[in-house]
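Engineer: Sharing a structure with you now.
Bear in mind that the values in this text are calculations on the coordinates, not laboratory data. All of these numbers come straight from a predicted model, not from anything done at the bench. With ideal geometry, Cβ positions are generated from the backbone for all residues, glycine too; neighbour counts draw on all protein chains shown.
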Amino acid sequence: MRIAVASLALISIPCVGAPEPWRLDPTVLACSPDVLSSEQTLTLTLGPRHGSELAIRRLRDGRMFLLVVGSPPQGHFQLMTPTEFAVASSVEIKPDTAATAWVVDAKPELVFSEPGEYEIVVSPNLESEVGGYLCRITFKSS
C-alpha cells in the first residue's frame, strides 16, 4: 500500500522544465490569408503579449526560418528587431522574403519557395521551451 501511495505522489508532482505548449489563439496571432499565393502578402495580426521573436517553419522538411530573434548569427536576415516586434500589432511578410534556414551551412533562400503547409510561430524566446503561439497557412505558387 505504501508503494502505491508513494507512486501516486510522484505522479502528481508537476514536471519542472517541461516544454510549454504551442497554442492556436487568433487573438494573439492570426495569419491572413489562409492560402497564400506568390502574388499576395502574408499579414500577421498580433495581440498583446505575443512575444518578441518570430519564425516560419516549412512543414514538409521542417526547415525553420527565424525572422526575428535575439542575437542572430552574423549575416542572417532579420525582419526587424525583437524590441520592434514585441510592440508591433501587425506585420506583413512578402512571399519573396529570403532568409537563411536554421541549419548548418544554409544559404539564404525564399522562405516560401515550395508549395505546402507552413507554421508561423511567435514566442518570447524561440530557442527555449517556453512555447508560444502559432498559426498555419498553405502556400500555393502561381
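Engineer: Can you give the longest run of the chain that contains no GluC sites (Glu not before Pro) sitting in a DSSP loop with at most 11 other Cβ atoms inside 10 Å?
Structural biologist: Here the longest run is 40-128.
Engineer: Treating only the Cβ atoms of Lys and Arg (+1) and Asp and Glu (-1) as charged, compute the dipole magnitude of the chain about its Cα centre; round to the nearest 20 debye.
Structural biologist: Roughly 360 debye for the chain.
Engineer: Along the range 27-39, what does the Karplus equation 6.51 cos²θ - 1.76 cosθ + 1.60 (θ = phi - 60°) give for ³J(HN,Hα), rounded to whole Hz, x for Gly and Pro?
Structural biologist: After applying 6.51 cos²θ - 1.76 cosθ + 1.60, I find 7, 9, 8, 10, 10, 8, x, 5, 10, 9, 10, 5, 9 Hz.
Engineer: Which value, in Å³ per residue, describes the convex hull spanned by the Cα atoms of the chain?
Structural biologist: Here the figure is 145 Å³ per residue.
Engineer: Can you list the HN-Hα couplings for the range 94-110, worked out from phi with the Karplus curve (6.51, -1.76, 1.60; θ = phi - 60°), rounded to whole Hz and with x for Gly and Pro?
Structural biologist: These are the phi-based 3J(HN,Hα) values: 7, x, 8, 5, 10, 8, 9, 5, 7, 9, 4, 6, 6, 10, x, 8, 5 Hz.
Engineer: Name the residues whose placed amide hydrogens come within less than 5 Å of the amide hydrogen of Glu114, ignoring near sequence neighbours (fewer than 5 apart) on the same chain.
Structural biologist: For Glu114, no residues qualify.
Engineer: Taking H as built 1.01 Å from N, whose amide H comes closer than 5 Å to the amide H of Gly131, not counting residues under 5 places away?
Structural biologist: Glu20
Engineer: Could you run the Karplus curve 6.51 cos²θ - 1.76 cosθ + 1.60 with θ = phi - 60° over the range 125-142 and give me ³J(HN,Hα) per residue in whole Hz, x for Gly and Pro?
Structural biologist: 7, 5, 8, 9, 10, 7, x, x, 10, 9, 9, 10, 9, 10, 9, 10, 6, 9
Engineer: Assign unit charges at the C-beta atoms only (+1 for Lys and Arg, -1 for Asp and Glu), then state the dipole size of the range 49-101 relative to its Cα centre in Debye, rounded to the nearest 20.
Structural biologist: 220
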